[in-house]
Amino acid sequence: VNLREDKVSDETKKLISSLPTDKDSQGNLCKYQGCWYYYNTFQAVISFQKHFQPQDTDIILASTPKSGTTWLKALTVALLERSKHHDDHPMNHPLLSNNPHALVPLLESSAPDLTKFSPSSSTRLFSTHMPLYTLKEGLKGSPCKIVFMCRNAKDALISRMHFRCKYEKIEVNSSVLEPMFESLCRGVTFYGPIWDNVLSYWRGSLEDPNHVLFMKYEEMKEEPCVQLKRLAEFLGFPFTEQEEDRGVVEKILELCSLRSLSDLEANKSGKTVNGVDHKFFFRKGEVGDWKNHLTPEMESKIDTIIEEKLRGSGLSF
Ligand code: A3P
């Protein structure tokens, strides 16, 4: 069974036949609204756009894959939960017993079925890898807050390669990396071209800064306190002076650090609804790990492409 095409309905197959198609080293892709999807994800995107019932207080955590989604989910959960978990007794904190992906479901996923997500009185958190224009269609004009996490494309590529090798139980080597690198350069990658996806949020954040926040993984690593406060303010839950004095900012960062999260039993064992081991989401979390894998030629090739694609936008990543 091809997992990426399993459960694709005849109706979806018919739709796909009218779309551009291509493939990468992991499967067949179709291009919908400027973005490439494996077929089962495309079906989920369509379903999201048709059936999702947004609430004005929803918060959407967006990213391209392997760009720090898990971290952003953990930080946002911790921000929203902090009033309930005072100080040093966070025994029942949801992050201690759940993988962040279990707490923040992906919008374009068939499991759990989002059509069954009923409105609730509390803030709901969702995640997505879709570009902003496709996401907005499903939000149907609802003024939800959207946070986007961007990461250097070379680091995200290396992260994805390691993730894939663990998932497929294959060895990391150049015969895995090279086709993935070529797909990245061609722009034919799952949820890519990465530059178009990232630019959609970049432009969205410039047009509507109250509803779209653009964050960078590298900036989170560089100045975590500043960035966490920026996130809290944007979401409408700024830290009070008292909280800052009590060290709440630092405590949240500690709770959500790669080391703390990956040490938890909930993240060492178990799988996501899509069958991915929780532990695969935690690796090095470093900036510039691509230097250990890409040749200078590869570096210069992808840098030139991305520079050209971003020219005039005011963005670099
Ligand atoms: P590396 O493979 O470079 O280590 P995503 O969550 O979008 O799938 O991204 C996964 C990447 O984020 C991995 O990068 C992973 O190690 C890193 N990561 C996961 N949890 C993190 C955390 N709490 N802090 C910083 N980085 C984290």
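Here are a few things to note about the model shown:
- Considered as a group, the residues in segment 27-45 that are on the phi < 0 side of the Ramachandran plot and open to solvent by 30 Å² or more (accessible area, probe 1.4 Å) include one that is nearest to the ligand (Cβ to nearest atom), and that residue is 40.
- Within segment 186-237, helices (runs of 4 or more DSSP H) holding 2 or more residues that are of a type outside the set (Val, Ile, Thr), open to solvent by less than 10 Å² (accessible area, probe 1.4 Å) and within 29 Å of residue 20 (Cβ to Cβ): 194-207
- Flag for residue 128 being modelled with pLDDT of 95 or more and in contact with a Leu (Cβ under 9 Å, 6 or more places away or on another chain): yes
- Any hit, segment 70-83, residues being surrounded by 19 or more Cβ atoms within 10 Å (Cβ to Cβ) and more than 29 Å from residue 152 (Cα to Cα): yes
- Which listed residue, of 254, 265, 243, is among the charged types (D, E, K, R) and under 20 Å from residue 68 (Cβ atoms): 254
- Output for segment 254-289, where each listed residue is under 17 Å from residue 221 (Cα atoms), touching a residue at least 24 places away in the same chain (Cβ under 8 Å), assigned to a helix (DSSP H, G or I) and more than 9 Å from the ligand (Cβ to nearest atom): 255
- Qualifying residue in segment 142-150 (condition: among the aromatic types (Phe, Trp, Tyr) and closer than 26 Å to residue 50 by Cβ): yes
- Boolean, residue 235 is away from the ligand (no atom under 12 Å from the Cβ) and farther than 26 Å from residue 131 by Cα: no
- Only residues that are more than 22 Å from residue 158 (Cβ to Cβ) and open to solvent by 10 Å² or more (accessible area, probe 1.4 Å) were counted across segment 46-69, and they come to 10.
- Picking from residues in segment 189-243 that are under 18 Å from residue 59 (Cα atoms) and small (Gly, Ala, Ser), the one that is farthest from the chain's Cα centre (by Cα) is 236.
- Test: residue in segment 30-38 that is under 22 Å from the mean Cα position of the chain (by Cα) and assigned to a loop (DSSP other than H, G, I, E, B): yes
- Members of segment 244-268 found to be open to solvent by 30 Å² or more (accessible area, probe 1.4 Å), over 25 Å from residue 62 (Cα atoms) and not acidic (Asp, Glu), listed by number: 246
- When residues of segment 143-182 are limited to those that are in a loop (DSSP other than H, G, I, E, B) and buried (at least 16 other Cβ atoms within 10 Å of the Cβ), the one nearest to the ligand (Cβ to nearest atom): 151
- Test: residue in segment 91-108 that is more than 30 Å from residue 225 (Cβ to Cβ), in a helix (DSSP H, G or I), over 15 Å from the mean Cα position of the chain (by Cα) and away from the ligand (no atom under 16 Å from the Cβ): no
- Filtered residues of segment 191-232 (kept if away from the ligand (no atom under 16 Å from the Cβ), touching a helix residue (DSSP H, G or I) at 6+ places or on another chain (Cβ under 6 Å) and over 25 Å from residue 80 (Cα atoms)): 195, 200
The values are calculated or read from the model by the stated rules, or taken from the named source; none is laboratory data. Remember, predicted model here, so these are calculated numbers, not experimental data. Here the Cβ is made from the backbone with ideal geometry for all residues, glycine too, and neighbour counts use every protein chain on show. Accessible surface is based on the protein model in full, side chains and every heavy atom, while ligands, DNA and RNA are left aside. Shrake-Rupley method; radii C 1.70, N 1.55, O 1.52, S 1.80 Å.
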